[in-house]
Amino acid sequence: METIIAYNRVAKEVIHSLEKDYHVHYFENGETIDQPLFLDALTEAVGIIGLEFSGQKNVLTHAPHLKAIANVSVGYDNLDIAELTKRGIIATNTPDTLTETTADAIFGLMLATARRIPELHNYVMAGKWDNYLKHDQFGVDLHGKTIGIIGMGNIGQALAKRCALGFDMNVIYYNRSRKPHVEEMYAARFTAFDDLLKMSDFVCLTLPATPETKHIISKREFNLMKNSAIYINGSRGINNDEEALFDALNKKAILAAGIDVYQTEPINSDNPLLTLPNIVTLPHIGPATIENELKMSKRAEQNLRDSLNHLKPRDILNPEVMS
């Protein structure tokens, strides 16, 4: 039997399915080439399926038989596509699988931050609720407010739907190109980047991580936002400058923030963001539901099987390899 590596989050049902046809080594804790068992498996593997496997040159040199890597994620910045292509290794991802699930999480983060739900939950659990809430414990409304969405891809559009149709929010957006169908369906308005920052009650990032989006939100951008603005990042941690975010929250240049992604994950326990009262933090839960985990793993499994059987996988990232 040929060897497959299942890496980090792969649904057990998919691992059992692969075990019918391959010898599967499952590593769920981010193992590296420094670990003998992982290195042994890597030197034999023809395929890898999983989350955030480091497909970089220094790792690939230890995988002489590798034919395909199937990412269990939409993002693929963990893969060196050029190097994989050079080596004739197929790379795939799982696009569109997490759109609705991630939009749910981002909208939940908006609600939790605006209504201060985690903070007030802890207030009740600590036995401190002995009278009416004080004015300085009040949250703010979502309905009728203006949401500025930066990045109107699939997740941005799903978020716009929830905001416009569910909460009667005014939707403005910034994107590389206009989305007429979004404007028609949700009465959304395309705006200049700086204008969006100035006008929005909620500023939400739904961008991929690229060299162009690194620190797209930093000190200048926070200074353009309203003092009453709530900033939400459910995209990638590298898209905002965490030091600038800390300063903006600490100095109350913005009201609050809800964050699901960080520059280092898991977030370091000494990160100063964790000392602030006006931030809601989550452990990158965007796509993390039982249903979505299985859906993504099954999609990646099919991509991997097709790749290893000389069929063009549905979600190939480097189709030139097939030729």
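Given the pairs K134/K226; K219/K295; K214/K298; K20/K67; K214/K252, which span a C-alpha to C-alpha distance of over 28 angstrom in this model? Working shown, then result.
Numbers: K134/K226 24 Å; K219/K295 39 Å; K214/K298 31 Å; K20/K67 19 Å; K214/K252 23 Å.
Where the Cα-Cα span goes over 28 Å, the pairs concerned are K219/K295; K214/K298.
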Fewest first, what order do D195, D168 take by the number of other Cβ atoms within 10 Å? D168, D195
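Could you please report the charge total around N227, scoring K, R as +1 and D, E as -1 over all other residues with beta-carbon less than 12 angstrom from its beta-carbon? Each step should come with its number before you reach the end.
On the way: positive: K198, K226, K251, K252; negative: D201.
Once positives and negatives cancel, what remains is +3.
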For a quick check: with amide H placed at 1.01 Å from N, whose amide H comes under 5 Å from Y262's, ignoring anything fewer than 5 positions away on the same chain? G237
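Counting Lys and Arg as +1 and Asp and Glu as -1, each charge on the Cβ, what is the dipole of the chain about the Cα centre in debye, to the nearest 20? Please report the intermediate quantities before stating the final value.
Working: 32 positive and 41 negative charges, 179 e Å.
Approximately 860 debye in magnitude.
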Positive-end residue of F167, A188, I217, charge dipole of the stretch 99-281 with Cβ unit charges: A188
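Among K214, K134, which comes first, second and so on when ranked by fewest other beta-carbon atoms within 10 Å?
Working: K214 14, K134 7.
By the 10 Å Cβ count, ascending: K134, K214.
Counting other C-beta atoms within 10 Å, which of Y173, Y26, Y186, Y123 has the fewest, and how do the rest follow?
Values: Y173 27, Y26 17, Y186 21, Y123 14.
Fewest-to-most ranking of Y173, Y26, Y186, Y123: Y123, Y26, Y186, Y173.
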The stretch 1-31 and the stretch 226-292: distance between their alpha carbon centers, rounded to Å: 33
Membrane-span-like helices in the chain: DSSP H runs reaching 15 Å or more (Cα, own axis), mean Kyte hydropathy at least -0.5? 99-114
Taking the alpha-carbon centroid of each part, what is the distance from the stretch 190-216 to the stretch 50-125 in angstrom? 21
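What does the C-alpha gyration tensor say about the overall shape of the stretch 71-136? Classify as rounded when a/c is under 1.5, otherwise prolate if a/b is larger than b/c, or oblate. If you can, show how the numbers build up before the last one.
On the way: a/c = 5.23, a/b = 3.89, b/c = 1.34.
In terms of gyration-tensor shape, prolate.
Using a/c under 1.5 as the rounded threshold, could you call the stretch 109-195 rounded, prolate or oblate? The axes a ≥ b ≥ c are square roots of the C-alpha gyration tensor eigenvalues, and prolate needs a/b larger than b/c, oblate otherwise.
Working: a/c = 3.03, a/b = 2.99, b/c = 1.01.
Verdict is prolate for the stretch 109-195.
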Looking at the square roots a ≥ b ≥ c of the eigenvalues of the Cα gyration tensor of the stretch 27-90, which shape do they give, rounded for a/c under 1.5, prolate if a/b is larger than b/c, or oblate? oblate
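Net charge around P208, counting only other residues with Cβ within less than 14 Å of its Cβ (Lys, Arg = +1; Asp, Glu = -1)? If you can, show how the numbers build up before the last one.
Values: positive: R176, K214, R236; negative: D77, D96, E212.
Cβ neighbours under 14 Å give a net charge of 0.
Helix-only mean residue ellipticity at 222 nm, the chain, DSSP H runs n ≥ 4 weighted -39,500 (n - 2.57), per residue, nearest 500. What is it? Before the final figure, lay out each step's value.
On the way: 12 runs with 108 residues, N = 323.
Per the formula, -9500 deg cm²/dmol.
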Going 7 Å from the Cα of E2 toward and past its Cβ, which residues in the stretch 71-105 have a backbone nitrogen under 13 Å from where you end up? 89-90
Can you give me the long-range amide H partners of T146? Hydrogens built in the peptide plane at 1.01 Å from N, cutoff under 5 Å, separation of 5 or more residues or another chain. N170, D201, F202
Here are labelled values, (1) 1.02; (2) 0.96; (3) 1.07, and one is the computed Rg/Rh (Cα atoms, Kirkwood Rh) for what I pasted. Which one? (1)
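Bear in mind these aren't lab numbers, they're just calculated from the coordinates by the rules spelled out. Only a predicted model underlies this, so the values are computations on that prediction, with no experimental measurement involved. Every residue, glycine among them, receives a Cβ derived from its backbone with ideal geometry; neighbour counts consider all protein chains shown.
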